[in-house]
Amino acid sequence: MSRARTARRIAAGAAYGGGGLGLVGAAAVGLVVAEMQFAKRTVGTGLPDPPHADGLYGSEFGGPELSPGPLRLGMLGDSTAAGLGVRRARQTPGALLASGLAAVAERPVELRNVALCGAMSDDLDRQTGLLLDGDGPAPDVCVIMIGANDVTRRMPPTQSVRLLTSAVRRLRLAGSEVVVGTCPDLGTIEPVYQPLRWLARRVSRQLAAAQTIGVLALGARTVSIGDLMGTEFAANPREMFGPDSYHPSAEGYATAAMAVLPTLCAALGVWPESDRLDVSRNEDMLPVAKAASAAAGQAGTEVTAARGPWALLKYRRRRRVPGEDLTEQTGGTGGAATAARTGGKPSGTGGTAGKPSGTAAGGGARATGVTSQGQ
């Protein structure tokens, strides 16, 4: 059965009820899970808790008291969204995205990250409540990164997609734009060996495609996390993965954030490129299921609903944003990280960062440092 057809079945089951495995045979998934559990004995071992990165980014563009005020960014999901494996707040994906969004939009961005390490999709309802149930306004845009733990803990894919779409629906009804980073490709994890690596890849990509089908109907956009930007991770696994060979390093998070940032900005209408197809980059308009399947197989691909049963398959041009070199943690060149970062730190109670400057992605904005907490 094709990935597109399987993903369509999963999404339909999530929408109309029903369970079932829907991916590959139960025995095969059992083998994948057993291998993953063996591999995960070292996952997260000895890693510090993710640093607290909430705060105001891009304060040089104005404070909360100035009209129109800061953009509000919410981060939801699992340890990847939380930033497990890095030691500094500015290295977390939330901080990277908030800094990048501030530079492109030339507005300050207020970040609130409610992601939880180890979370499955059944925690998204709680996380969504944390963002929406207070007295303040809903986030302008939310990024959700979820799915890996659903696979390793054998949550039925229909249930996984149903829980995700429920959270997206709540956020959309509250007025938030939503970008979903779909289930990562678990076949890239080094402790998992063939042939189970192939099965892990198949299961995670099918879930990623089903996630896309489910959330596109609600007006959300997706970005394929896939194998965490493919060639960079395959070529430099020691730099892109952290000490547990499972979670990204600072360099890896920066590479992933660089891929998500254009879609995040486009959701708010501040990215310099339009939603029109660019045939020079092989972008296409496909039936939703085929677009979702194609995106799941190519990391960094955006899928956006078009009209009727059609969706846009976008390969947005990633722009380099000046930032700090991350060689302190990764030991590498820091090139991918520099491309993704803006060099800023969140506003808070900590010390004052330096103030590098340069031209931000597409917007002519200055990427200057601000103060940080949780360092």
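Quick check: net charge around VAL279, other residues with Cβ under 15 Å of its Cβ, Lys/Arg +1 and Asp/Glu -1? Value of the local net charge: 0. Projecting label points 7 angstrom from Cα along Cα→Cβ for ALA174 and ASP133 puts them 1.1 nm apart.
Kirkwood analysis of segment 253-311, using all unique Cα-Cα pairs, places the hydrodynamic radius at 12.4 Å.
Multiplying the sequence separation of GLU106 and ASN282 by 0.36 nm and subtracting their Cα-Cα distance, what value in nm do you get?
60.3 nm
Using a probe of 1.4 angstrom and keeping all protein chains present, the accessible surface of segment 61-117 works out to 30 square angstrom per residue.
The values are calculated or read from the model by the stated rules, or taken from the named source; none is laboratory data. This structure is a prediction, so every number in the text was calculated from the model and none was measured. Please note: Cβ atoms are built from the backbone with ideal geometry, for glycine as well, and neighbour counts cover all protein chains shown. Note: accessible area is taken over every heavy atom of the protein model, side chains too, but ligands, DNA and RNA are not part of it. Shrake-Rupley method; radii C 1.70, N 1.55, O 1.52, S 1.80 Å.
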